[in-house]
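Working notes, structure below.
All of the numbers you see were taken from the coordinates with simple rules; none came from a lab. Owing to the predicted nature of the structure, the values given are computational and were not obtained by experimental measurement. Neighbour counts are summed over all protein chains in view; Cβ atoms, including those assigned to glycine, are modelled from backbone coordinates with ideal geometry.
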Amino acid sequence: LTMPGNLETIGYLFYDPNQLYYDTSARIFIPDSLRKVNVTGTSVTDHFAYNIDSIEEIELADGIEEIGDNAFYKCVTLNKIKMPLSLKTIGNRAFYDCHSLNSIVINENVNSIKTSAFEKCNVSSAIS
């Protein structure tokens, strides 16, 4: 599947185990114009949007309980993420090197933030 080059938002995305990768072996090709992704389901898979540097905003729908390892690794322009109350676990390096991410809101139901989840981010405030 190749998405239009001017795509800026993907609506509530239902994904499969093939995940989203921005490389030539991918089944889904993400254009550089993509700015916002809405995700539904129960978890965000490992490497979900690995190194997709055009994404600025992520909205995780109610029902998502886990953000997998490296899910948004090196999404360097990511500056806004909406985490649902259902979220319980944030995986290893989930937001590693998302250096545009300055502020996050972590709800009280999150009981596990794994190693380096926000390493190399410029988070100056975290609200829980």
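The residues neighbouring residue 60, those whose beta-carbon lies less than 13 Å from its own, together hold a net charge of -1 under the Lys/Arg +1, Asp/Glu -1 convention.
Determine the gain in length on full extension of the stretch residue 40-residue 82; use 0.36 nm per residue of separation and subtract their C-alpha separation, reporting nm with one decimal. Before the final figure, lay out each step's value.
Details: separation 42, 0.36 × 42 = 15.12 nm, distance 1.22 nm.
So the extension gain works out to 13.9 nm.
According to the Cα-based calculation, Rg over Rh for the range 31-128 is 0.92, with Rh computed by the Kirkwood formula.
With R₀ fixed at 22 Å, the C-beta to C-beta distance from residue 62 to residue 100 puts the FRET efficiency at about 0.30. Take the Cα of residue 53, step 7 Å toward its Cβ, do the same at residue 108, and the gap between the two points is 4.1 nm.
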